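Structure record follows, encoded as structure tokens.
The values are calculated or read from the model by the stated rules, or taken from the named source; none is laboratory data. Remember, it's a predicted structure, so these values are computed and weren't measured experimentally. Here Cβ is always computed from backbone atoms with ideal geometry, including for glycine, and neighbour counts include all displayed protein chains. Note: areas computed on protein heavy atoms with side chains; ligands, DNA, RNA excluded. Shrake-Rupley method; radii C 1.70, N 1.55, O 1.52, S 1.80 Å.
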Amino acid sequence: VFITHMNYLNWKHLRNSMSQTSSYLHGKCIDIGSGNSPYKKEILNNVDEYICVDKGSVHKHMFSTSKESFIDADIKELPFEDETIDSIVLTQVLEHIDEPYIALSELKRVLKKDGIIILSVPFIYQAHATPYDFFRFSEYGLKELCKKYDFEILEFHYQGYLGTTLVSILNGFIWQLSSKSKLLRNTFLLPFLLAIFSLNNLIGLIFDMIKLKDFTPNFYLVAKSK
């Protein structure tokens with residue numbers, strides 16, 4: 001994702017966190033709600049088996065190695081035996097689950113003792129993938145959930161601060177406003193939109209130097225099942 005993209009800052013932070021923490025992943029790993037598997041390269045470098053899990057996904061990945069596979073399944077009914085998974089990746093998914101407690105119980109069930117989960121969720125962020133955008137999680141809510149399901153937090157990352165938060169909302173507003181005429185947006189307006197997003201993203205990087213932890217768009221954590 002280039003600096004001209006409306007979500008550049010969010011993806012930059014997520015990519016950096018995944019690069020820094022993917023070494024925790026090992027063994028049999030499931031990437032739930034994987035979509036087009038944006039972190040597949042980092043994950044494959046560390047695991048023995050990589051399983052993409054998505055519900056009703058029309059995107060069946062073109063796999064390049066024998067240790068990759070795809071399963072069409074619901075996070076609330078994972079088709080795995082108890083304590084058979086070494087690592088779980090769940091990025092930007094939990095907010096779209098209508099019953100997150102059931103989902104977390106399933107993750108706990110299939111994950112081995114000392115197994116690793118990498119989880120990210122939005123906090124201050126616009127509604128997206130509507131109408132399937134159900135929840136927001138605060139830092140304290142996430143930590144309480146980890147405590148409830150007996151996960152030990154190994155790392156906790158703030159995915160940007162005031163700059164990323166403000167720019168994410170502003171860029172989203174501009175894109176949604178311009179989308180009232182998609183033909184105009186994708187032709188005449190497009191160069192101007194790319195320039196505006198680039199400028200906003202640069203400003204966001206500067207404002208992120210003010211590290212106000214209560215103004216973050218996203219949280220990212222690494223936890224171990226106890």
With the Cα gyration tensor of segment 59-100 in hand, convert its eigenvalues to equivalent ellipsoid semi-axes via √(5λ) and list them largest first in whole Å. 21, 15, 11
Taking only the alpha-carbon positions of segment 178-226 as identical scatterers, the Debye log10 I(q)/I(0) at q = 0.15, 0.20, 0.30 Å⁻¹ comes out as -0.66, -0.80, -1.06
Just to be sure I understand: of the beta bridges DSSP finds with both ends in the chain, what percent are antiparallel, rounded to 5? 40
Aspartates and glutamates within cross-link reach of LYS147: Cα-Cα under 13 Å, excluding same-chain residues under 8 positions apart? GLU139
Charge dipole (debye, nearest 20) of the chain; +1 at Cβ of Lys and Arg, -1 at Cβ of Asp and Glu: 720
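Sort largest first and round to whole Å: the equivalent ellipsoid semi-axes of segment 1-76, each the square root of five times a Cα gyration tensor eigenvalue. Don't skip to the end; give the middle numbers.
Values: eigenvalues 95, 56, 25 Å².
Gyration-tensor ellipsoid for segment 1-76: 22, 17, 11 Å.
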Average accessible area per residue (Å²) across segment 86-206 - probe 1.4 Å, nucleic acids and ligands excluded: 51
Considering all alpha-carbon pairs of segment 126-182, what whole percent are spaced by more than 17 angstrom? 60
Note the full-extension length gain between ILE210 and TYR101 as 0.36 nm times their separation in residues minus their Cα-Cα distance, in nm to one decimal. 35.8 nm
Multiply the residue gap between HIS5 and ASP114 by 0.36 nm, knock off their C-alpha separation, and tell me the result in nm, one decimal place. 35.5 nm
So what's segment 92-194 giving for Cα Rg divided by 2.2 N^0.38 Å, two decimals? 1.40
Across the alpha-carbon set of segment 56-134, Rg over Rh with Rh taken as the Kirkwood radius works out to 0.98
Using a 1.4 Å probe on the protein heavy atoms, what percent of the accessible area of the chain belongs to carbon and sulfur? 60
Could you compute the FRET efficiency for SER69 and SER23, with r as their C-beta to C-beta distance and R0 at 22 Å, rounded to 0.05? 0.50
Work out from phi, with θ = phi - 60° and the Karplus expression 6.51 cos²θ - 1.76 cosθ + 1.60, the ³J(HN,Hα) of each residue of segment 176-191, listed in order in whole Hz, and give x for Gly and Pro. 5, 5, 5, 6, 5, 10, 5, 5, 5, 4, 7, 10, 4, 7, 4, x
With Cα Rg over 2.2 N^0.38 Å in mind, check (i) 1.05; (ii) 1.00; (iii) 0.94 and report the label derived from this structure. (i)
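Given the Cα-Cα distance of LEU183 and LEU199 and 0.36 nm per residue of separation, how much length would full extension add, in nm?
Length gained between LEU183 and LEU199: 3.4 nm.
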Using θ = phi - 60° and the Karplus form 6.51 cos²θ - 1.76 cosθ + 1.60, what ³J(HN,Hα) does each residue of segment 210-226 get, whole Hz, x for Gly and Pro? 8, 8, 8, 5, 7, 10, 10, x, 7, 10, 9, 9, 10, 9, 10, 6, 9
Would you pull out the residues with amide H under 5 Å of PHE123's amide H, same chain only if 5 or more places away, H placed 1.01 Å from N? ASN218, PHE219
Amide H neighbours of ILE153 under 5 Å, counting only residues 5+ apart in sequence or on other chains, H built in-plane at 1.01 Å? LYS224
At ARG136 and GLN176, where each label point lies 7 Å from the Cα along Cα→Cβ, what is the point-to-point distance in nanometres? 1.2
